[in-house]
Amino acid sequence: MKENNAYILGTDTEELHRLGIQHQVWAEEAQHGWNLAQFKAGET
């Protein structure tokens, strides 16, 4: 049975590795944007 809300790109080892790299690439930029916007905990 297929899950209705399953992650569309999959959760196999290769995809999880790709997501880890994506996180490494974008984490600093995302944090910088959040800091510029002056977001505080719970404001997302």
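The values are calculated or read from the model by the stated rules, or taken from the named source; none is laboratory data. None of these values were measured; they are calculated from a predicted model. FYI the Cβ positions are ideal-geometry reconstructions off the backbone, even for glycines, and counts take in every protein chain you see.
Taken residue by residue, the range 15-34 has at least one member that is surrounded by 10 or more Cβ atoms within 10 Å (Cβ to Cβ) and of a type in the set (D, E, K, R).
Assessment of the range 28-38 against the conditions (assigned to a helix (DSSP H, G or I) and in contact with a Leu (Cβ under 8 Å, 6 or more places away or on another chain)) yields no matching residue.
Among the residues that make up the range 9-16, is at least one of them in a helix (DSSP H, G or I), within 13 Å of the chain's Cα centre (by Cα) and at pLDDT 90 or above? Looking for residues that are in a helix (DSSP H, G or I), within 13 Å of the chain's Cα centre (by Cα) and at pLDDT 90 or above, one finds at least one in the range 9-16, hence yes.
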